[in-house]
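One structure is given below, encoded as structure tokens.
The values are calculated or read from the model by the stated rules, or taken from the named source; none is laboratory data. Note that the structure is a prediction, hence the values are computed from the model and not measured. Quick reminder, even Gly has a Cβ in these numbers, built from the backbone with ideal geometry, and neighbours come from all protein chains shown.
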Amino acid sequence: METFASRFYSRLVIIIPYAWLLLFFLAPFFIVFRISLSTTAIAIPPYEPVFSLADGWSGFWSKVATFSFDNYGYLTDDPLYFNAYLSSVIIAGISTSLMLLIAYPIAYGMAQAPRTIRPTLLMLVILPFWTSFLIRVYSWIAILKPEGLLNQLLLSLHIIDSPLIILNTNTAVYIGIVYSYLPFMVLPLYSALEKMDGTLIEAAQDLGCTPIRAFWRVTFPLSIPGVIAGCMLVFIPAVGEFVIPDLLGGSQTLMIGKTLWSEFNSNRDWPVSSAVATILLLILVIPIVFFQNAQAKAEERGR
């Protein structure tokens, strides 16, 4: 018979993640969304109306009538924001595709390696996390600048006659994003490939499949959950990336993270920047919803 203590602990396990979600996601989102419905003011904070906990619920509802969706209309009127969203999605999509092409062979090689050296290979993938993210991005400035290490190497090997202009371009942004987020792609792929039953490949080859055909017919389809998880882990933060475009990208590199920072700090337009952040969040929620639906359908088919 189920005791009161067991029921309590089973419900507590469910309540804790929902409480965490409420405290650290829904509450901040509600605050940002409320600011996006305000108007800019020359004050501290630079928007009105300002809701104070001292006003209570009556004060909150009295100010709801002053809220407006004009900031969202402003985003549709100015093409800068649409171009920033579109550019961010394109850059994140291309970077995610490049990471998948690079990470899949790495993860596959790790999964096929002897079990005794897999922990060492896994540690080598995780090793970059031991260094500050900012330092790692700054190091690419020394590598990619015209007098940097990459150009010196290419010039010394007589591959090029003049230094390549890579820094302050979209190419540098791609390099920075791929380098920084590559472990997040490798780890889910390795997890999916490492658990795969090797006898399935042997069975496919016994039935006449070549190694390449067996890979595309067996290995890759079974690794799709790892591919989707890795793409989600790198695409979502890459869309809102600010540090890498700011340090490695030029003035022509347009991403929504830089636009959001400019509105919030330079223009001090908190309502518009909050509207930008709200729309960005909705854009990032869409692939998560599709991923969850795909997972639910896969589980139903598995039953």
Going through the range 230-244 in order, the residues found to be touching a residue at least 60 places away in the same chain (Cβ under 8 Å) and more than 20 Å from L86 (Cβ to Cβ) are G230, V243
Scanning the range 176-213 for residues that are of a type in the set (G, A, S) and closer than 26 Å to T116 by Cα gives S191, A192, G198, A203
Wholly inside the range 209-293, helices (runs of 4 or more DSSP H) that include 1 or more residues that are farther than 30 Å from W140 by Cβ and either at pLDDT 85 or above or in contact with a helix residue (DSSP H, G or I) (Cβ under 8 Å, 6 or more places away or on another chain) (or both) are 211-214, 224-239
Given the conditions (1) surrounded by 15 or more Cβ atoms within 10 Å (Cβ to Cβ); (2) modelled with pLDDT under 90; (3) part of a loop (DSSP other than H, G, I, E, B), every one holds for A204 apart from (3)
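Just to be sure, is L101 assigned to a helix (DSSP H, G or I), loosely packed, with under 13 Cβ neighbours inside 10 Å and aliphatic (A, V, I, L, M)?
On the way: assigned to a helix (DSSP H, G or I): yes; loosely packed, with under 13 Cβ neighbours inside 10 Å: yes; aliphatic (A, V, I, L, M): yes.
It is true that L101 is assigned to a helix (DSSP H, G or I), loosely packed, with under 13 Cβ neighbours inside 10 Å and aliphatic (A, V, I, L, M).
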Among (1) part of a helix (DSSP H, G or I); (2) more than 30 Å from F242 (Cα to Cα); (3) in contact (Cβ under 8 Å) with a residue 40 or more places away in the chain; (4) not acidic (D, E), A172 falls short only on (2)
Going through the range 159-181 in order, the residues found to be aliphatic (A, V, I, L, M), more than 18 Å from Q252 (Cα to Cα) and buried (at least 21 other Cβ atoms within 10 Å of the Cβ) are V178
Given (1) surrounded by fewer than 15 Cβ atoms within 10 Å (Cβ to Cβ); (2) modelled with pLDDT of 90 or more; (3) farther than 30 Å from L193 by Cα, A113 misses just (3)
